[in-house]
Amino acid sequence: MAANRFQHQRFELKYLVTEERALALRRFVSCHLKPDDFAASLPNYSYPVHSLYLDSPQLTTYQAVQTGEKNRFKLRVRHYTANDAAVHFEIKRRTNEIISKLRATVHRASVQPLLAGRPPALSDLVKPDGRQLGALQEFCRLMHTLRATPRSHVAYQREAWMSPIGNSLRITFDRDVLCEPEFGAALDGQFSQPMRVFDGQVVFELKFTDRLPSWCGEMIRLYNLVRGGAPKYAQGVLLLGEHRVSNHGVGLKIDATSAAATPAPRARATVASRAAVFAA
């Protein structure tokens, strides 16, 4: 994804709407925004998004959502097709109402060694630079502290709209959200028996970096939108059942070449260290 579409810090407003309401909202939004450059030529302005979520054996990041912790984060590896040569290691952090994201774009060949514990290096990055290396190092630090491994594959179709000037506002419609347990890192985009997370509803989301435009407030009032949470990973785990993804005996499935990688030391995830991690 192009850098000019990536908002490193923002506010988010989420709503669950019917498909009929989503189509009406699309017509309203199209009067003010343009289709995302990446999806402008695609049917329904939509593209697939696949995320591999990592969590501890105790599902620490999932539990943080369930208990309503104001300061929390998620670890995920994101890709868009099974043939992507590059994938994105992302930390999505919430601090009260502010959402911040760190992203490092790495070579697909580096994914399994990094998740198996090999220390990150500039050579893992598609476009090496200090900021992305710092993001990758922080991802690996949090992963080691939590003893996090792959737990869940979440995918959906995203329709995206953006401001004609700058990147202060993005609006997305996420449809057909699917989730199932995933303990490996093949990143092939395949499902066997996925859970449909929001029962056919569309996740409508406003993402803005400064002040929400007045026309957005008008839209919210006109369509009587009621803000609510729509955490794809957490809701997916809740529907699947925690026992299906929190198996302490399940670890990262790696191939023989990745197994040869030397893992970095991993800190024990105690109750005290959990508090320290979320305060980081």
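The values are calculated or read from the model by the stated rules, or taken from the named source; none is laboratory data. No experiment lies behind these values; they were computed from the predicted model shown. Virtual Cβ from ideal backbone geometry, glycine too; neighbours counted across all protein chains shown.
What the table below lists for this structure:
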item	result
Residue within region 42-62 that is part of a loop (DSSP other than H, G, I, E, B), modelled with pLDDT of 95 or more and under 18 Å from LEU206 (Cα atoms) present	no
Among (1) more than 15 Å from the chain's Cα centre (by Cα); (2) without any contact (Cβ under 8 Å) to a residue 40 or more places away in the chain; (3) surrounded by 13 or more Cβ atoms within 10 Å (Cβ to Cβ), the one test that TYR45 misses	(2)
Criterion violated by PRO120 - all others in (1) out of contact with any Pro (no Cβ under 8 Å at 6 or more places or on another chain); (2) in contact (Cβ under 8 Å) with a residue 24 or more places away in the chain satisfied	(2)
Verdict on PRO150 being outside any helix (DSSP H, G or I), at pLDDT 95 or above and either closer than 30 Å to HIS243 by Cα or not hydroxyl-bearing (Ser, Thr, Tyr) (or both)	yes
Residue that is farthest from THR61 (Cα to Cα) [pool: residues in region 96-115 that are out of contact with any Leu (no Cβ under 6 Å at 6 or more places or on another chain) and in a helix (DSSP H, G or I)]	ALA109
Test: residue in region 172-185 that is aliphatic (A, V, I, L, M), surrounded by fewer than 17 Cβ atoms within 10 Å (Cβ to Cβ) and closer than 26 Å to ALA109 by Cα	no
Condition met for PRO150 (without any contact (Cβ under 8 Å) to a residue 40 or more places away in the chain and surrounded by 15 or more Cβ atoms within 10 Å (Cβ to Cβ))	no
Filtered residues of region 16-41 (kept if assigned to a helix (DSSP H, G or I) and either closer than 29 Å to VAL87 by Cβ or touching a residue at least 24 places away in the same chain (Cβ under 8 Å) (or both))	GLU19, ARG21, ALA22, ALA24, LEU25, ARG26, PHE28, VAL29
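Yes/no per residue for (1) under 13 Å from LEU13 (Cβ atoms); (2) part of a strand (DSSP E or B); (3) without any contact (Cβ under 8 Å) to a residue 40 or more places away in the chain; (4) among the basic types (Lys, Arg):
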| residue | (1), (2), (3), (4) |
| --- | --- |
| ARG170 | yes, yes, no, yes |
| ASP174 | no, yes, no, no |
| GLU180 | no, yes, no, no |
| LEU187 | no, no, no, no |
| LYS207 | yes, yes, no, yes |
| LEU212 | yes, no, no, no |
| TRP215 | no, no, no, no |
| ALA230 | yes, no, no, no |
| LEU238 | no, no, no, no |
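Every residue, every condition in (1) at pLDDT below 55; (2) surrounded by 14 or more Cβ atoms within 10 Å (Cβ to Cβ); (3) more than 21 Å from GLU90 (Cα to Cα); (4) of a type in the set (D, E, K, R), yes or no:
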site: ILE220; (1), (2), (3), (4): no, yes, yes, no
site: GLY241; (1), (2), (3), (4): no, no, yes, no
site: ARG266; (1), (2), (3), (4): yes, no, no, yes
site: ALA269; (1), (2), (3), (4): yes, yes, no, no
site: ARG274; (1), (2), (3), (4): yes, yes, no, yes
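Table: residues versus (1) modelled with pLDDT under 95; (2) more than 17 Å from the chain's Cα centre (by Cα); (3) of a type outside the set (Phe, Trp, Tyr).
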| residue | (1), (2), (3) |
| --- | --- |
| SER163 | yes, yes, yes |
| GLY166 | yes, yes, yes |
| PHE173 | no, no, no |
| VAL177 | no, no, yes |
| GLN193 | yes, yes, yes |
| VAL197 | no, no, yes |
| VAL203 | no, no, yes |
